[in-house]
Amino acid sequence: MILDLKLEGGRVITMDPARPVAGTIGIWRGRIAGLDDEVAGLRAARVVDLDGATVLPGFIDAHTHLAWAGMAARTVDISAHERIERILGTIGAAARRAEGDGWLEVSGYDHRRLERPLTAADLDQVAPGRPVYVQDLSGHACVVNAAVLALLPQEALRTAPGSAWPRA
């Protein structure tokens, strides 16, 4: 057998308690054919030296929570705040520090911990004219300001189920 790919010289996290770490992975027809000694004597069409890099198992998240977690790592974090005024202070400071007039993305919003929900009007006060997107911890909701709403087609605002906007 000739493997399609052999990854060597890495730290492979296997998730197998009997063999938690390996150094080599052999791939054949898109599947793992073996680890370490199981593939040591096999040739491969392509060999990659991982130079000590760690290889993690594939994460399949069709619901995109993993993607949101990655995005949250580069946003303004408000998860430690339990009062609206602290949240608005953090967002306002970030808006003042930001260059240009681009989007301000915020993560860590949990309305359950607050005295009241955050509103578009709140965001407009601290970041006037700048599009602000505040992601709910659940990944299933967000709060945006008027600058974001202005970018949406008016038809979408009139026909959105549950829309609080006046219908024409």
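The values are calculated or read from the model by the stated rules, or taken from the named source; none is laboratory data. Source: prediction; values computed, not measured. Every residue, glycine among them, receives a Cβ derived from its backbone with ideal geometry; neighbour counts consider all protein chains shown. Accessible surface areas use protein heavy atoms only, side chains included; no ligands, DNA or RNA. Shrake-Rupley method; radii C 1.70, N 1.55, O 1.52, S 1.80 Å.
Pairs linking a residue in segment 92-111 that is more than 21 Å from ALA141 (Cα to Cα) to a residue that is surrounded by fewer than 14 Cβ atoms within 10 Å (Cβ to Cβ), with Cβ atoms under 7 Å and 6 or more positions apart or on different chains, are ASP101/GLY129.
Among the residues of segment 76-88, those that are touching a residue at least 12 places away in the same chain (Cβ under 8 Å) and open to solvent by 40 Å² or more (accessible area, probe 1.4 Å) comprise ASP77, SER79, ALA80, GLU82, ARG83. Within segment 61-70, is there a residue that is touching a residue at least 60 places away in the same chain (Cβ under 8 Å) and of a type in the set (A, V, I, L, M, F, W, C)? Yes; the residues of segment 61-70 include at least one that is touching a residue at least 60 places away in the same chain (Cβ under 8 Å) and of a type in the set (A, V, I, L, M, F, W, C). Taken over segment 44-61, the residue count meeting the criterion of being modelled with pLDDT under 85 and open to solvent by 90 Å² or more (accessible area, probe 1.4 Å) is 2.
Residues satisfying the criterion are absent from segment 127-143 (criterion: open to solvent by 20 Å² or more (accessible area, probe 1.4 Å) and under 15 Å from ARG83 (Cβ atoms)).
Kindly establish whether THR64 is of a type in the set (S, T, N, Q) and at pLDDT 85 or above. For THR64, the condition - of a type in the set (S, T, N, Q) and at pLDDT 85 or above - is not met.
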